[in-house]
1. I'd like the full set of residues that are among the acidic types (Asp, Glu), open to solvent by 60 Å² or more (accessible area, probe 1.4 Å) and either touching a residue at least 12 places away in the same chain (Cβ under 8 Å) or in a helix (DSSP H, G or I) (or both), limited to the stretch 370-424.
2. Return the total of residues in the stretch 1-20 being modelled with pLDDT of 80 or more and open to solvent by 30 Å² or more (accessible area, probe 1.4 Å).
3. Can you tell me which residues in the stretch 35-47 are of a type outside the set (Ser, Thr, Tyr) and either more than 28 Å from HIS227 (Cα to Cα) or open to solvent by less than 30 Å² (accessible area, probe 1.4 Å) (or both)?
4. Restricting to the stretch 218-237, give me the number of residues that are assigned to a loop (DSSP other than H, G, I, E, B) and open to solvent by less than 50 Å² (accessible area, probe 1.4 Å).
5. If PHE51 satisfies every condition in (1) within 25 Å of LEU408 (Cβ to Cβ); (2) among the hydrophobic types (A, V, I, L, M, F, W, C); (3) at pLDDT below 95 but one, which is the exception?
6. How many residues does the stretch 178-193 hold that are at pLDDT below 75, farther than 20 Å from LYS273 by Cβ and part of a helix (DSSP H, G or I)?
7. Taking LEU50 as meeting all but one of (1) over 22 Å from ASP230 (Cβ atoms); (2) open to solvent by 30 Å² or more (accessible area, probe 1.4 Å); (3) in contact with a helix residue (DSSP H, G or I) (Cβ under 7 Å, 6 or more places away or on another chain), write down the number of the exception.
Amino acid sequence: MSPAFGAMEVEHYSKGVLLEPFVHQVGGHSCVLRFNDKTICKPLIQREHLFYETLPTEMRKFTPQYEGVVSVSFEEDEDGNLCLIAYPLNGDHDNLESLDNSECEPKNKLLRWTNKKTVLLENEKLTKEWVRQHRKEEKMKSHKLEEEFELLKKSEVLYYSVEKKGNVSSQFKHHNPWSMKCHQQQLKRMKENAKHRNQYKFILLENLTSRYEVPCVLDLKMGTRQHGDDASEEKKANQIRKCQQSTSAVIGVRVCGMQVYQPGSGQLMFMNKYHGRKLSVQGFKEALYQFFHNGKYLRRELFEPVLKKLTELKSVLEKQESYRFYSSSLLIIYDGKELQEVAVDSDPEDLEGLSEESSDESAGAYAYKPAASSVDVRMIDFAHTTCRYYGEDSVVHEGQDTGYVFGLQNLIVIIKEIRDESSE
């Protein structure tokens with residue numbers, strides 16, 4: 001982006017950015033919202049904020065880029081409809097030059113709020129009847145999503161058929177009830193606290209899925225311990241129980257959420273954390289296999305890039321003195337779009353840079369060109385992270401986070417097993 005941040009963009013942002021549910025959130029209970037195509041935001045937690053501001057250089061490639069802080073408020077109309085709006089923190093525009101706001105949904109694209117009354121923008125050809133109809137449709141969608149979320153909790157693994165001819169990525173917003181539920185819970189919490197406050201700080205972070213057309217996302221809860229040093233006895237006991245009853249205690253990692261696009265069947269598959277907690281070690285391995293399988297064949301070209309990144313991350317964390325990443329997650333992301341087929345007997349120039357993987361043994365001899373930035377591995381969620389450099393923590397740990405490193409090592413071993421078994 002040009003260093004000269006246009007006055008129009010600054011004015012656009014100063015009027016507020018309408019925050020939307022982040023449709024690729026597959027796990028966690030904290031609300032993640034879409035700020036624009038390349039940026040997401042989530043409620044600011046001091047410990048996590050401190051982590052991003054003091055992040056060791058060698059860890060930066062394994063975490064989302066931190067992009068600043070915004071002030072978020074919720075605004076309500078006479079019918080009780082709520083929305084979340086982001087504004088520059090304390091009217092300070094200094095950090096805007098690092099953000100591309102061209103893809104933001106401006107607050108004034110919908111309604112301008114004045115003295116708790118909605119006033120239609122003069123330059124928008126909207127009628128009150130249209131607004132009422134729009135709100136009615138949104139409420140109907142909301143009820144449908146509530147029903148879908150209840151179904152999600154009960155079934156734990158869901159499959160949705162998608163239109164292959166349409167934009168698959170755009171259909172996630174209609175089929176991922178988890179992100180909508182987190183959004184609704186955030187609105188509910190803010191509304192309940194409205195008498196006491198209506199301004200909240202949110203941190204801005206890189207949207208790790210923005211580079212992919214159809215993001216396939218695996219959220220893994222890492223480590224053998226999940227409770228922070230400041231957890232209450234009740235919280236501590238609850239987290240210990242979850243670890244003991246899941247693969248966390250055995251291999252230091254469990255499935256917290258997953259979304260996969262399977263072009264073979266034209267389906268989106270979602271797996272939630274409730275299912276992940278019930279998996280045995282063998283079930284965990286089968287879930288990983290499912291994550292790397294697109295309904296037609298196993299995406300074997302992803303194994304080496306994933307293993308390379310995991311091995312590098314393990315090496316980096318082994319050198320981190322005193323850090324504990326309690327309750328943090330690890331994301332593995334790749335593009336689920338169908339790869340370009342090129343016949344093996346094609347012109348040599350057409351095969352340049354292609355992998356040797358075939359789509360299916362029964363599909364004939366084809367080579368596939370992996371998508372650019374085909375796979376990503378990132379650590380997220382640092383609300384319970386601790387380190388001796390934080391200063392005020394009552395407990396100071398020594399050495400590396402052995403529970404997290406243990407989980408990484410087992411994850412590497414299991415992915416290698418899937419790779420080797422699939423090539424036999």
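1. To start, the set of residues in the stretch 370-424 that are among the acidic types (Asp, Glu) comprises 376, 381, 392-393, 398, 401, 417, 420-421, 424.
Among the residues that remain, those that are also open to solvent by 60 Å² or more (accessible area, probe 1.4 Å) are: 392, 398, 417, 420-421, 424.
The answer is GLU398, GLU417, ASP420, GLU421.
2. To start, the set of residues in the stretch 1-20 that are modelled with pLDDT of 80 or more comprises 16-20.
From what is left, the residues that are open to solvent by 30 Å² or more (accessible area, probe 1.4 Å) are 20.
Total meeting the criteria: 1.
3. The first filter runs over the stretch 35-47 and keeps only residues of a type outside the set (Ser, Thr, Tyr), leaving 35-38, 40-47.
Answer for the stretch 35-47, where residues must be of a type outside the set (Ser, Thr, Tyr) and either more than 28 Å from HIS227 (Cα to Cα) or open to solvent by less than 30 Å² (accessible area, probe 1.4 Å) (or both): PHE35, ASN36, ASP37, LYS38, ILE40, CYS41, LYS42, PRO43.
4. Kept after step one, since they are assigned to a loop (DSSP other than H, G, I, E, B), are these residues of the stretch 218-237: 223-232.
From what is left, the residues that are open to solvent by less than 50 Å² (accessible area, probe 1.4 Å) are 223, 226-228, 231.
The number of residues fulfilling the criteria is 5.
5. Tallying (1) within 25 Å of LEU408 (Cβ to Cβ); (2) among the hydrophobic types (A, V, I, L, M, F, W, C); (3) at pLDDT below 95, PHE51 fails exactly one: (3).
6. Count: 3.
7. Result: LEU50 fails condition (1) only.
The values are calculated or read from the model by the stated rules, or taken from the named source; none is laboratory data. Only a predicted model underlies this, so the values are computations on that prediction, with no experimental measurement involved. Using ideal geometry, Cβ is built from the backbone for each residue, glycine included, and neighbour counts are taken over all protein chains shown. In case anyone asks, the SASA skips ligands and DNA or RNA and just uses the protein heavy atoms, side chains included. Shrake-Rupley method; radii C 1.70, N 1.55, O 1.52, S 1.80 Å.
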